[in-house]
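Before any comments, here is the structure.
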């Protein structure tokens with residue numbers, strides 16, 4: 001039974017990514033401006049922050065004792081964001097339940113104008129229950145992005161379906177059990193090294 005559930009989940013994630021790529025190509029080729037994702041991050045200062053989720057305000061410090069993955073993006077992102085979240089989901093699917101209890105991924109929207117907490121909940125729900133969508137006023141989000149070295153630029157594209165595209169750093173930021181930066185992974189990393197690094201951090205203080 002578990003094998004069938006896992007197969008269904010993997011198929012669902014694959015279909016979501018495929019549909020996102022297909023629709024972005026068919027409906028709006030100008031969105032490809034986002035395809036050249038910003039590689040790397042600026043200097044990461046780190047630190048606590050508080051953003052909104054469907055369960056209310058969440059502070060990073062609330063997750064001390066867990067390995068936390070941060071990824072900044074937006075739900076209308078044509079390819080980089082869904083591929084990155086699918087990679088995180090795949091890494092999580094390879095982990096034991098006990099390890100998953102001490103692991104969380106935060107998908108922080110750089111497009112709060114469109115991505116409210118309910119939209120984010122539905123979007124992240126397609127990938128994995130351990131991925132939580134967060135948002136706030138754009139001024140707050142940009143401050144958090146700057147804390148974690150994320151480059152952000154909104155460009156108006158009048159002839160596109162959205163009216164704009166958002167270029168942003170595409171790295172997956174990994175924080176240790178103490179909430180401090182441990183490593184970043186490029187968005188196109190494979191799930192295995194990401195999973196192995198998470199397990200290493202979980203076992204570090206045992």
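Since every read-out is calculated from the coordinates, none of them should be taken as a lab result. What you are looking at is a predicted structure, and each value in this text was computed from that prediction instead of being measured. Because the Cβ atoms are built from the backbone with ideal geometry, glycine has one as well, and the counts that use them run over all protein chains shown.
Label residue 188 and residue 45 with points 7 Å out from Cα along Cα→Cβ: what is the distance between them in nm?
With each label placed 7 Å out from Cα toward Cβ, I get 3.2 nm.
Nearest 0.05, what FRET efficiency do residue 161 and residue 96 give at R0 = 45 Å with Cβ-Cβ as r? Let's see the in-between values first.
Working: r = 42 Å, r/R0 = 0.92.
Computed FRET efficiency for residue 161 and residue 96 comes out at 0.60.
Relative to the present Cα-Cα distance, how much length would full extension add between residue 154 and residue 53 at 0.36 nm per residue of separation? All intermediate terms of the calculation are to be shown ahead of the outcome.
On the way: separation 101, 0.36 × 101 = 36.36 nm, distance 2.30 nm.
So the chain would gain 34.1 nm between residue 154 and residue 53.
Sort 80-86, 134-140 by packing, meaning the average of other beta carbons within 10 Å per residue, with the highest value first. Mind showing how you got there, number by number?
Working: 80-86: 23.3, 134-140: 17.0.
Descending mean neighbour count gives 80-86, 134-140.
Rounded, prolate or oblate: pick one for segment 103-154, where a ≥ b ≥ c are the square roots of the eigenvalues of its C-alpha gyration tensor, a/c under 1.5 means rounded, and failing that, prolate if a/b is larger than b/c, else oblate.
On the way: a/c = 2.42, a/b = 1.47, b/c = 1.64.
Because a/c hits 1.5 or more and a/b fails to exceed b/c, segment 103-154 counts as oblate.
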